[in-house]
Amino acid sequence: VQLVESGGGLVQAGGSLRLSCAASGRGFSDYAMGWFRQAPGKEREFVAAINWSGGRTYYADSVKGRFTISRDNAENTVYLQMNSLKPEDTAVYYCAAAAAFSDMIRSNALDAWGQGTLVTVSS
């Protein structure tokens, strides 16, 4: 599966953005999907995960209650709705695919990555 993110940009603190990740290739609905981010000078970190059906989700504590991950298997797309954005959310956001939900939440054995989309939150 190949992944392409979009929807990043510049937003003021307290604002919202919705990121999209479009998948091509076979078997999108078989994969758990996730979002990660990497801020300047920091390591990549897990943000959110969703299982193949959309029935299970998991979030990093830093975004819980503010971000929502969802997917549309008919459109081969996964989304990240980001509300109440903070300057510390500034990062390049990546989507990823994994064969198992447990692998995604452990950031383990990820099968594919997108190229990333930049989110900048101004104070």
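Filtered by the rule that a residue be in contact with a Phe, Trp or Tyr (Cβ under 6 Å, 6 or more places away or on another chain) and on the phi < 0 side of the Ramachandran plot, segment 94-120 gives Tyr94, Cys95, Ala96, Ala97, Ile105, Trp113, Gly114, Thr117, Val119.
Listed here are the residues, each with its yes/no results for (1) open to solvent by 40 Å² or more (accessible area, probe 1.4 Å); (2) on the phi > 0 side of the Ramachandran plot.
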{"residue": "Gly15", "(1), (2)": "no, no"}
{"residue": "Gly41", "(1), (2)": "yes, yes"}
{"residue": "Ala48", "(1), (2)": "no, no"}
{"residue": "Asp61", "(1), (2)": "yes, no"}
{"residue": "Asn73", "(1), (2)": "yes, no"}
{"residue": "Leu85", "(1), (2)": "no, no"}
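Scanning segment 100-119 for residues that are more than 15 Å from Val1 (Cα to Cα) and in contact with a helix residue (DSSP H, G or I) (Cβ under 9 Å, 6 or more places away or on another chain) turns up Asn108, Val119.
Scan segment 26-42 and tell me whether some residue there is free of Cβ contacts under 8 Å to residues at least 12 places away in the same chain and under 18 Å from Leu3 (Cα atoms). No, segment 26-42 contains no residue that is free of Cβ contacts under 8 Å to residues at least 12 places away in the same chain and under 18 Å from Leu3 (Cα atoms). Pairs meeting the criteria (first residue in segment 45-63 and closer than 23 Å to Lys86 by Cα, second residue among the small types (Gly, Ala, Ser), beta carbons under 6 Å, at least 6 apart or on different chains) are Phe46/Ala60; Phe46/Ser107; Val47/Ala60; Ala49/Gly34; Tyr58/Ala49; Tyr59/Ala48.
Of the residues Leu85, Leu80, which single one is assigned to a loop (DSSP other than H, G, I, E, B) and touching a Lys or Arg at 6+ places or on another chain (Cβ under 8 Å)? Give the steps one after another, and end with the answer.
Details: Leu80 fails: assigned to a loop (DSSP other than H, G, I, E, B).
Selected residue: Leu85, the only one of Leu85, Leu80 that is assigned to a loop (DSSP other than H, G, I, E, B) and touching a Lys or Arg at 6+ places or on another chain (Cβ under 8 Å).
Only residues that are surrounded by 14 or more Cβ atoms within 10 Å (Cβ to Cβ) and not hydrophobic (A, V, I, L, M, F, W, C) were counted across segment 19-28, and they come to 1. If the condition is being farther than 19 Å from Gln115 by Cα, in a strand (DSSP E or B) and not hydrophobic (A, V, I, L, M, F, W, C), then segment 24-57 contributes only Thr57. Screening Val92 with (1) surrounded by 17 or more Cβ atoms within 10 Å (Cβ to Cβ); (2) within 19 Å of Arg56 (Cα to Cα) gives one miss only, at (2).
Can you find even one residue in segment 89-104 that is part of a loop (DSSP other than H, G, I, E, B) and closer than 13 Å to Trp35 by Cβ? No, the conditions are met nowhere in segment 89-104.
Scan segment 95-106 for residues that are in contact (Cβ under 8 Å) with a residue 60 or more places away in the chain and open to solvent by 60 Å² or more (accessible area, probe 1.4 Å) and the total you get is 1.
The values are calculated or read from the model by the stated rules, or taken from the named source; none is laboratory data. The shown structure was predicted, so the numbers you read here are calculated from the model rather than taken from an experiment. Methodologically, a virtual Cβ is constructed for each residue, glycine included, from the backbone with ideal geometry; neighbour enumeration extends over all protein chains shown. Side chains are part of the model used for accessible areas, which takes the heavy atoms of the whole protein and leaves out ligands, DNA and RNA. Shrake-Rupley method; radii C 1.70, N 1.55, O 1.52, S 1.80 Å.
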